[in-house]
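Novice: My structure is below; once you've seen it, I'll send some questions.
The values are calculated or read from the model by the stated rules, or taken from the named source; none is laboratory data. Since this is a predicted model, take the numbers as computed values, not measurements. Cβ atoms come from the backbone with ideal geometry, glycine included; neighbour counts cover every protein chain shown. When the accessible area is computed, the model is the full protein with side chains, heavy atoms only, and any ligands, DNA or RNA have been set aside. Shrake-Rupley method; radii C 1.70, N 1.55, O 1.52, S 1.80 Å.
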Amino acid sequence: MQRRGFFYLFAGAVVIIALIITGIIIFKKPARLPVIPEPVKKRVFQPEFHKGISYIAWTEEGYSNVNSTKAMEELVSLGVEWVGLLTTWYQDSPDTVKIYRLRKKTPSDESLLFAIEKLHDLGLKIMLKPHLDLVKSGGKWRGEIGYDNLAEWQAWFASYTDFILYYARLAEQENVELFCVGTELTNATLSQPGLWRDLINKVRKVYQGRLTYAANWYNEFDNIEFWDELDYAGIDPYFPLINSSSPTKEELVKAWKDWLGGIEAWQKEINKPVIFTEIGYKSSQGSADEPWQHSPAGKVDLQLQADCYEALLASFYEKPWFYGIYWWYWGVNPKIGGKFHRGFTPQNKPAREVIKQWYKKPASSKVY
């Protein structure tokens, strides 16, 4: 009897244990499968049309004052969406290698940051554009910077790289949308393409935005070998249009046709969206002949400046590969310009209204 009771007790215990094990098996959560991450999608570059203007200060605190704030606010009513913001460093002459800030002329970091913050607050995007100029030009300009041997070129590039990376890091820190790695350094770009590729690679490591270079119109833009490293191909298109003191708008449009074919052939070869990183015309007679000349030579001609703006926009605005323009230049003093002014700014001149009317128009039929 005791044996039978022990047997039943043992059998019952076995049944209970079996039921427990079965329950565990039945109700146990299935093993969690390893999560296979979705492949990271490569960010596709989608170029934007740049309704731009260059904003310039040549003093340490030029960007950070009441006048500058007002000048920046005026850009919104003009329809501007992009601002080319300049900061200029210097070297003594075309054959020296040290690049440095120039006291009283290079914008301070605080002043530059003030402008970046204000422009972003206004809803405008920025191309940060470091410039290099010569203190003692001797009749030469930045495009003629050059050296006799590779060691000197490397020394210059070391200094130039420090200069550019300084602002590339600042651009990254401030979420600047576009960064220009150089402007019109013709001799350097054509003779040292490998060193430019090295520089661009270093910039990419510290800055995640888009890159361009501002090439000179003469013997540079169509001979550069590193456009494939950049997102936009930039030209400063100061092409001579017509040797006339007061050409008509129709004559200016016709003059652009002589240059347009070469630009289109070059663009087809490099297959990049093109922006005009800097272009302007003085409001004086003869300004369409040698538009790069800084000092106005003729009498005031406000209408010629406006017509030059119209002719360029009419020639390029709807080209499918053309992605915008930065007019030279908008000054930090909103009162400059006006009916007696012969210089480049369109402020308080008819050319201002030309920009406003064209920037109202959508830029359609783009290929990139």
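Novice: Going through the range 231-253 one residue at a time, which ones are farther than 16 Å from ALA306 by Cα and either surrounded by fewer than 19 Cβ atoms within 10 Å (Cβ to Cβ) or acidic (Asp, Glu) (or both)?
Specialist: Matches in the range 231-253: ASP231, ASP236, PRO240, ASN243.
Novice: Given the structure, is LYS282 surrounded by 16 or more Cβ atoms within 10 Å (Cβ to Cβ) and within 26 Å of the chain's Cα centre (by Cα)?
Specialist: yes
Novice: Within the range 109-142, track down each residue that is touching a residue at least 24 places away in the same chain (Cβ under 8 Å), small (Gly, Ala, Ser) and within 20 Å of LYS98 (Cα to Cα).
Specialist: Within the range 109-142, SER137, GLY138 qualify.
Novice: Any residue in the range 309-327 that is among the charged types (D, E, K, R), farther than 25 Å from PHE221 by Cβ and either in contact with a Pro (Cβ under 8 Å, 6 or more places away or on another chain) or not in a helix (DSSP H, G or I) (or both)?
Specialist: Scanning the range 309-327 turns up no residue that is among the charged types (D, E, K, R), farther than 25 Å from PHE221 by Cβ and either in contact with a Pro (Cβ under 8 Å, 6 or more places away or on another chain) or not in a helix (DSSP H, G or I) (or both).
Novice: Cβ-Cβ below 6 Å, separation at least six or inter-chain, first residue in the range 67-96 and open to solvent by less than 20 Å² (accessible area, probe 1.4 Å), second part of a strand (DSSP E or B) and among the β-branched types (Val, Ile, Thr): which pairs?
Specialist: Filtered contacts from the range 67-96: VAL80/ILE53; VAL83/ILE126; LEU85/ILE126; LEU86/ILE56.
Novice: Still on this structure: Look through the range 328-357, keep the residues that are part of a helix (DSSP H, G or I) and free of Cβ contacts under 8 Å to residues at least 60 places away in the same chain, and return whichever of them is farthest from LYS51 (Cα to Cα).
Specialist: Checked the range 328-357; the qualifying residue farthest from LYS51 (Cα to Cα) is PRO350.
Novice: Given (1) in contact with a Leu (Cβ under 6 Å, 6 or more places away or on another chain); (2) more than 21 Å from LYS125 (Cβ to Cβ); (3) aromatic (Phe, Trp, Tyr), identify the lone condition not met by TRP358.
Specialist: All conditions pass for TRP358, except number (2).
Novice: Moving on to the next point. Hey, ASP148 hits all of (1) without any contact (Cβ under 8 Å) to a residue 24 or more places away in the chain; (2) in a helix (DSSP H, G or I) but one; which does it fall short on?
Specialist: For ASP148, the exception is condition (2).
Novice: Follow-up question, since we're still on this one. Please verify whether GLN293 is without any contact (Cβ under 8 Å) to a residue 24 or more places away in the chain, at negative phi and under 26 Å from the mean Cα position of the chain (by Cα), treating the condition exactly as stated.
Specialist: yes
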